[in-house]
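Chemist: This is the structure, below, for whatever I ask next.
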Amino acid sequence: MLFTSEHEQFRTSVRRIVEEEINPYADEWEAAEIFPAHELFPKLGAIGAFGLEYETEYGGGGADHSFTVVLAEELGRADMGGVPMAIAVQAGMATPALARFGSDELKREFLAPTLAGDLVCSIAVSEPGAGSDVAGIRTRAVRDGDDWVINGRKMWITSGTQSDWICLLARTSDEGGYQGMSMIIVPTDTPGFSVGRKLKKMGNNSSDTAELVLDDVRVPVRHTIGEEGRGFQMQMAQFQDERLWICYMAVTGARRAIDRTMEYLHMREAFGKPLMANQYIQYTLSELVAEIDILHGFLHLTAERYVAGEDVTRAATVAKLKSGRLSRQVADACVQFHGGMGYAEDLWVARYFRDCRLGSIGGGADEVMLRIISMLEGMGKR
Ligand SMILES: Cc1cc2nc3c(=O)[nH]c(=O)nc-3n(C[C@H](O)[C@H](O)[C@H](O)COP(=O)(O)OP(=O)(O)OC[C@H]3O[C@@H](n4cnc5c(N)ncnc54)[C@H](O)[C@@H]3O)c2cc1C
């Protein structure tokens, strides 16, 4: 992928924010199990991070996907996974459908202030009873005059305790399966909306994750994004952006983890020489570097095809599967070669190990990626 001086300037701006506005607070926010999104997001909004590919009319950058690659790759270098994940939700997981299919009125009211970083948003698809199988969701919106009356529960919602609005997927008709779902914007100050509980997690702790309760929540029907009944299809398209985001961040995160591990191994001595002098360790890390290079190249190729307007569903699925698995391998090697220090909270390694475990679960588990690939390959038909 060819990056111009404009890309490099943008890369520098993102890197500055990561180094000055995020990394110095990593320990504090991880311990608090939340970060101040309403303070951090306007700083990202000021460099255009939330709306790179969206229309300029609503504060977007009108740029192509290559700038998203730069943004996500730089965020992948942060000292924790939680904050980049919440940024990714706001920039590439909760807003693509609104930007593509939302009415002008909805975009002015919700998209524009979100791109500025003044509003924080969440994507609310998963439920206590349905995650991998999105068709199993039970949250229901029933029409009453010009309003939807919504009842249900959403689970694992990133930024759920501090978001101003959620992009909700709900059933709006009795059609079963993949039909009859709609995407609806729900402001979180609407009566009947509440945070059921903030969830305790094994990693990505700086990001707040919540179970949300919708109890007779009434929002205008005009809050529906795009065509009523097409919510599942819009979410599937939105998932593609989400998966690419996850991969771009994972690949630079993995490379940085290897670099930091190499630094440690050059310094740490055992049996009269630096650990890095052991051929076994060199070859193990080299193998992982080679895998990272291949994935990085594949992602840049996929991004180029995306910019050219091609359908990259299959490639995004393959990359999501491989990036989750590779990150886990990298994290395991980093912990192993740090010895006891890899198991301690003093260094970055344990946090990386925990944070990147999510890569094979969130945004569609590895097995869901395998299911999509096997369907695209026509397996199981005969
Ligand atoms: C930290 C975190 C943040 C999240 N943020 C959000 C968010 O902001 N918004 C949101 O909507 N959701 C969010 N999620 C939810 C996430 O997308 C789901 O956890 C994920 O899709 C898996 O769904 P599930 O947890 O219900 O697992 P289940 O659907 O119960 O599946 C459990 C496991 O079963 C296996 N499995 C599933 N299907 C198959 C199959 N067909 N064949 C073989 N094996 C299978 C997989 O190994 C899977 O991990 C988040 C989750 C976490 C942990």
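The values are calculated or read from the model by the stated rules, or taken from the named source; none is laboratory data. Because the structure is predicted, anything quoted here is derived from the model rather than measured. Note that each Cβ is placed from the backbone with ideal geometry, even for glycine, and that neighbours are counted across all protein chains shown. Just the protein is used for accessible areas: all its heavy atoms, side chains included, with ligands, DNA and RNA removed. Shrake-Rupley method; radii C 1.70, N 1.55, O 1.52, S 1.80 Å.
Chemist: Which pairs do you get when a residue that is at negative phi and open to solvent by 70 Å² or more (accessible area, probe 1.4 Å), found in the range 282-296, comes within reach of a residue that is assigned to a helix (DSSP H, G or I) and of a type outside the set (A, V, I, L, M, F, W, C), reach meaning Cβ atoms under 9 angstrom, with the pair 6+ apart or on two chains?
Modeler: Close Cβ pairs (under 9 Å, with a partner that is assigned to a helix (DSSP H, G or I) and of a type outside the set (A, V, I, L, M, F, W, C)) amount to GLU291/LYS322; GLU291/GLN329; ASP293/ARG255; ILE294/LYS322.
Chemist: Still on this structure, please answer the following. Quick one: count up the residues across the range 109-125 that are under 22 Å from GLU228 (Cβ atoms) and either out of contact with any helix residue (DSSP H, G or I) (no Cβ under 7 Å at 6 or more places or on another chain) or within 12 Å of the ligand (Cβ to nearest atom) (or both).
Modeler: Residues that pass the stated criteria total 6.
Chemist: Scan (1) outside any loop (DSSP other than H, G, I, E, B); (2) open to solvent by 30 Å² or more (accessible area, probe 1.4 Å); (3) within 16 Å of the ligand (Cβ to nearest atom) for the single condition ARG138 breaks and write down its number.
Modeler: All conditions pass for ARG138, except number (1).
Chemist: Please state which one of PHE50, PHE101 is touching a residue at least 24 places away in the same chain (Cβ under 8 Å), buried (at least 24 other Cβ atoms within 10 Å of the Cβ) and not acidic (Asp, Glu).
Modeler: Residue meeting the stated conditions: PHE50.
Chemist: Quick one: is VAL217 farther than 13 Å from THR172 by Cα, within 15 Å of the ligand (Cβ to nearest atom) and modelled with pLDDT of 95 or more?
Modeler: For VAL217, the condition - farther than 13 Å from THR172 by Cα, within 15 Å of the ligand (Cβ to nearest atom) and modelled with pLDDT of 95 or more - is not met.
Chemist: Which condition number does ALA94 fail, the rest of (1) within 16 Å of the ligand (Cβ to nearest atom); (2) out of contact with any Cys (no Cβ under 7 Å at 6 or more places or on another chain); (3) of a type outside the set (Asp, Glu) being met?
Modeler: (2)
Chemist: Using the structure shown, decide if GLU367 is within 16 Å of the ligand (Cβ to nearest atom), acidic (Asp, Glu) and open to solvent by 20 Å² or more (accessible area, probe 1.4 Å).
Modeler: In short, yes.
Chemist: Within the range 142-233, considering only strands (runs of 3 or more DSSP E) that don't extend past its boundaries, which have at least 3 residues that are in contact (Cβ under 8 Å) with a residue 40 or more places away in the chain? Before you say what the answer is, go through the steps one by one.
Modeler: Values: elements: 147-158, 165-171, 181-187, 193-198, 209-220.
Strands (runs of 3 or more DSSP E) meeting the threshold: 147-158, 165-171, 181-187, 209-220.
Chemist: Another question, if that's okay. In the range 327-364, what count of residues is obtained for those that are part of a helix (DSSP H, G or I) and either at positive phi or within 12 Å of the ligand (Cβ to nearest atom) (or both)?
Modeler: Total meeting the criteria: 8.
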